[in-house]
Every structure is written in C-alpha cells, then in structure tokens.
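The values are calculated or read from the model by the stated rules, or taken from the named source; none is laboratory data. This is a predicted model, so every value here is computed, not measured. Methodologically, a virtual Cβ is constructed for each residue, glycine included, from the backbone with ideal geometry; neighbour enumeration extends over all protein chains shown. In case anyone asks, the SASA skips ligands and DNA or RNA and just uses the protein heavy atoms, side chains included. Shrake-Rupley method; radii C 1.70, N 1.55, O 1.52, S 1.80 Å.
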Amino acid sequence: MNVLTIGGAMVDTIVTIASDKIEQVKMRNAESSFLLLEEGHKTEAEEIASSCGGGAVNAAVTAARLGHQTSIIAKIGHDAKGEIILHLLRAEGIDVSWIAVDKSEPTGSSVIISSHERNAAVFTYRGANTKVEAEDLPPEAFAGRNLVYVANLSNESARYYPLVVERAKAAGALLAVNPGIRQLTARFDDFWHNLKHIDILCVNRAEAQTLMPHLLQSFGEGGAPLVPKDDVPVPPLAKRGLRSGGYEMSLAKFLGALIELGVGVIVLTDGANGAFIARGRELHYRTAQHVVAAATTGAGDAFSATFACYLADTKDPARALSAAAINAASVVKFIDTQTGLLDRLALEQEIERASAAPLFSFSI
C-alpha cells in the first residue's frame with residue numbers, strides 16, 4: 001500500500017519531572033488539570049531528551065513500520081533541526097522528496113513536560129509548519145496513493161486543507177483526517193464544507209466537543225443513549241455524552257450526525273477509557289490497553305495512523321481498532337512519540353495475543 005502523510009514536523013525536547021517535584025491542580029467541576037511551576041525556582045528533572053515529532057512525521061513512521069511505501073509532505077526550516085528530521089525519516093525508509101524548506105522560519109519545535117499521570121504540558125513553536133503553500137502540494141505528490149493521511153495543519157497552512165482534499169480525491173485515494181482543535185476553530189468552514197469527502201475521521205473527545213456545537217445547528221442537542229446489543233457495560237463517554245458551552249449531545253446522535261453528513265468512518269478516542277468506531281448504523285467500542293505510561297504524547301497519532309492504515313489495507317474495522325489500541329499502548333510506554341511504534345510482524349503477534357480483549361457493539 002502507498003501512503004502519503006501531510007502535516008507537522010517538529011523536534012521535541014521532553015522534560016520528565018517526578019510527581020513530587022511539581023504541583024498538580026485538578027478542577028473539581030471540570031475536566032481540566034494544571035501543572036504549577038514555581039517562579040524563580042529551579043526544578044530538578046529526571047530526564048531531558050530530544051526526539052522528532054509532529055503529526056505528519058509520527059504518522060509516516062507508523063505507516064513505514066507497518067510495511068507500507070510511505071512519503072511525507074511537510075515544511076522544515078533551513079537549520080540543524082530540519083536535518084535531524086530528514087535523517088530520521090530516511091532511516092525509516094520514508095520518501096522525503098516532498099518535504100519543503102522555508103528560509104524565513106526555523107523548523108518547528110516544542111518543549112514537553114511529562115509528570116504525574118504523564119499527560120504532557122506542551123510549549124509549541126510551530127515555525128516553518130505555518131508556511132505551507134500551494135506549490136508544496138503538487139498533484140504529482142498525490143498520484144498513485146492508496147491512502148492520504150492529513151494530520152493537523154498549523155495556522156495559515158490550514159487554508160490549503162481544501163486543496164489537499166481535492167488532490168487526494170482526484171488521485172482516487174482514501175482520505176483520513178486527524179484535525180486539531182485549532183483547525184476545528186479558526187478554519188472550521190473549510191473543514192465543514194469538506195466533511196463529505198472524508199473516508200476516515202479521527203478525533204479525540206476534546207476535538208469532538210469542539211465540533212459538537214456546529215452540529216447542534218442542524219441536529220439539535222440531546223439524543224437517545226447508546227443501546228448495547230448484549231448485556232455489556234456501557235463505556236463512560238457513552239453514558240455522559242459530549243458537553244460544550246452548556247449543551248449536551250449523546251454519543252449516538254453525534255456520530256449519527258457525522259455519518260448523515262457523509263463521513264465514511266469515525267474514530268473517537270477517549271484516552272484510557274477506550275475508543276469507538278462508527279460506520280453506517282454500527283458502532284464498536286474497545287477498551288484501552290492497560291499499561292504503565294511513561295508519557296502520553298504521540299498516542300493519538302499512533303492510534304489514528306494505525307487505524308487508518310489497517311482499515312485501508314484490511315477493510316476490517318474491528319481488526320483496525322485492535323491494532324490501533326495496541327500500537328498506541330506501546331507508544332505510551334516510552335517518553336517519545338516513536339520508539340514504541342511496532343512493526344507489522346510485532347503488531348500482528350500482539351493482536352493475536354490480545355484476541356480476547358473485549359470488543360462491544362452498539363446500535364446508533
């Protein structure tokens with residue numbers, strides 16, 4: 001299978017801090033939590049490490065390790081960090097012919113603070129990721145692709161999302177999209193008008209709740225609860241539904257609305273609470289793998305890219321869901337976003353070992 005990934009390329013500096021060295025504050029009546037840094041105080045770190053990241057890079061490495069011919073469209077700066085990214089991609093066997101270099105902005109970078117439950121706080125400088133232009137997306141880069149995977153497009157680069165969709169569909173490729181919060185807010189109209197072209201939409205709970213208010217205008221709030229096909233426990237998100245701005249929408253209504261608008265398959269992840277996939281009137285849920293997390297950064301990219309690759313390759317949504325959950329769980333065992341990504345053989349072996357993991361079905 002021939003895969004093209006599009007989106008961000010970053011160099012990450014990952015700072016791991018022991019939980020007793022940094023204060024955590026959790027809101028009682030909200031889902032937010034905060035890490036507090038004392039002003040003027042040096043905090044001892046357990047480890048400071050550098051690695052490559054960014055949605056397009058993480059997805060490309062995922063696809064390449066699964067054995068697919070993989071290329072990437074991204075923009076880097078004319079600097080040492082850009083060379084680090086190119087070296088990594090070449091080492092993974094990924095075609096870098098379509099990576100552009102911007103001389104006005106440096107390569108994107110981030111500082112990731114990992115502590116407590118290892119949910120990271122991230123300081124991001126997007127740099128050259130914001131400088132993608134139409135000429136960086138030539139039609140020949142899309143030719144012959146079976147799958148085009150679009151990660152979050154940064155700032156002004158997101159204005160070319162409709163062009164990406166147009167060229168992916170003109171090439172006859174399956175289109176998988178994993179948008180970020182900023183793309184769902186600042187560039188929502190472009191996203192909304194191209195919903196019907198998305199074959200695989202991957203969102204987490206926060207992104208779903210950002211998208212939900214726009215669905216209210218056409219479909220209203222509320223909605224019937226999910227009905228399990230058998231006597232099985234109902235997952236937390238299926239019970240509580242989605243909430244945003246004082247409005248609520250059941251999970252069944254949210255997913256059903258996106259399907260009615262033309263999305264082929266929807267993947268909705270809820271962190272340690274598992275993940276849902278919806279296609280047609282069928283909804284499947286799989287529990288998350290239980291592992292000791294070193295860091296959660298990159299788990300979403302691993303899940304979404306693995307699911308898209310497996311579904312495009314096998315046409316089996318249940319197996320794709322299992323593969324995605326296993327690969328994401330493997331990633332969080334490490335502080336960076338790629339060390340834990342499994343190759344195809346190792347992932348297939350893990351799928352067979354985890355064959356007894358529960359997969360629940362519901363009707364939307």
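Before moving on, here are some points about what is shown:
- Qualifying residues in segment 2-51 (those that are closer than 30 Å to ALA308 by Cα, touching a Phe, Trp or Tyr at 6+ places or on another chain (Cβ under 8 Å) and of a type in the set (Val, Ile, Thr)) - the one surrounded by the fewest Cβ atoms within 10 Å (Cβ to Cβ): VAL3
- Comparison of ASN146, ASN155, ASN204 shows that the only residue that is under 16 Å from the mean Cα position of the chain (by Cα) and not aliphatic (A, V, I, L, M) is ASN204.
- Residue that is farthest from GLY8 (Cα to Cα), among those in segment 305-354 that are touching a helix residue (DSSP H, G or I) at 6+ places or on another chain (Cβ under 8 Å) and of a type in the set (Phe, Trp, Tyr): TYR310
Residue-wise test of (1) open to solvent by less than 20 Å² (accessible area, probe 1.4 Å); (2) at pLDDT 95 or above.
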{"position": "VAL164", "(1), (2)": "yes, yes"}
{"position": "ARG167", "(1), (2)": "no, yes"}
{"position": "ALA171", "(1), (2)": "no, yes"}
{"position": "LEU175", "(1), (2)": "yes, yes"}
{"position": "ALA186", "(1), (2)": "no, no"}
{"position": "PHE191", "(1), (2)": "yes, no"}
{"position": "ASP199", "(1), (2)": "no, yes"}
{"position": "CYS202", "(1), (2)": "yes, yes"}
{"position": "ALA208", "(1), (2)": "yes, no"}
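- Residue match in segment 224-236 (condition: surrounded by fewer than 16 Cβ atoms within 10 Å (Cβ to Cβ), touching a Ser or Thr at 6+ places or on another chain (Cβ under 7 Å), in a strand (DSSP E or B) and modelled with pLDDT under 90): yes
- Residues (closer than 17 Å to ARG240 by Cα and either more than 17 Å from the chain's Cα centre (by Cα) or buried (at least 20 other Cβ atoms within 10 Å of the Cβ) (or both)) located in segment 255-275: LEU255, GLY256, LEU268, THR269, GLY274, ALA275
- You will find that of VAL165, VAL177, VAL203, the residue that is without any contact (Cβ under 8 Å) to a residue 40 or more places away in the chain, β-branched (Val, Ile, Thr) and within 30 Å of LYS239 (Cβ to Cβ) is VAL177 and no other.
- Pairs are defined by a Cβ separation below 9 Å, a sequence spacing of at least 6 or placement on different chains, a first member in segment 52-75 that is farther than 15 Å from ALA302 by Cβ and touching a residue at least 40 places away in the same chain (Cβ under 8 Å), and a second member that is in a loop (DSSP other than H, G, I, E, B) and among the acidic types (Asp, Glu); the pairs so defined are GLY67/ASP343; LYS75/GLU105; LYS75/GLU133.
- In segment 1-23, the residues that are of a type in the set (D, E, K, R) form Cβ pairs under 6 Å with partners that are crowded, with 19+ Cβ neighbours inside 10 Å, at six or more places apart or across chains, as follows: ASP12/SER51; ASP12/GLY53; ASP12/SER110; ASP12/ILE112.
- Residues being closer than 28 Å to LEU345 by Cα and of a type in the set (Ser, Thr, Tyr) - total across segment 31-80: 5
- Note on segment 293-311: residues that are aliphatic (A, V, I, L, M), open to solvent by 10 Å² or more (accessible area, probe 1.4 Å) and either over 16 Å from SER114 (Cβ atoms) or not in a loop (DSSP other than H, G, I, E, B) (or both) amount to 2.
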